[in-house]
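What follows is one structure encoded as structure tokens, with my remarks underneath.
Readers should treat all values here as calculations from the given coordinates under stated rules, not as data from a laboratory. Keep in mind that this is a model prediction, so the values were computed, not measured. Please note: Cβ atoms are built from the backbone with ideal geometry, for glycine as well, and neighbour counts cover all protein chains shown.
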Amino acid sequence: MPDHMHMVWMGLFSGCDQLNAMKHFRLRCHESLELIGYGLQDQAYDHVLKEEERREEAFRELCNYIARNPERAAIVEPDGYATYSYSGCLVPGYPELKPFDSDYWNQFDRIVSRLRQRGMQQLNP
């Protein structure tokens, strides 16, 4: 979106403190944006997903809803959300992972499973 961003992020382990992580991210991101004349709003909407929202289908629906924001804002045509150049995904160590590829969710699930088993150590043999 031209004037805001939506993020969905996840911790790898049950003890991850997402609100604390977001607080740290917001502080550091805001400092960086101020250097170029921008900033984050004072009151953001930070929400930790409830257990039912973290279930596979609900999580994927949420990601799809967020990805379709450019359509609702009439920035792209209906069903053109995948062409919006500012939509994307970042999974550490997997820069080639594209959220609109047909096998994205299979790849995502395998990567997250490996990361949960091994942590952030080198995954390539």
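Quick one: putting +1 on the C-beta of Lys and Arg, -1 on the C-beta of Asp and Glu, what dipole do you get for the chain around its Cα centre, in Debye to the nearest 20?
Dipole size: approximately 480 debye.
State, to one decimal in nm, how far the label point of Arg55 lies from the label point of His4, with both points 7 Å from Cα in the Cβ direction.
2.8 nm
For region 19-125, place one equal point scatterer on every Cα, skip the solvent, and apply the Debye formula. What is log10 of I(q)/I(0) at q = 0.14, 0.16, 0.21 Å⁻¹?
-0.82, -1.07, -1.39
With labels modelled as points extended 7 Å from the Cα through the Cβ direction, what inter-label distance (nm, one decimal) is found for Asn20 paired with Ser102?
With each label point 7 Å from Cα toward Cβ, the separation is 4.4 nm.
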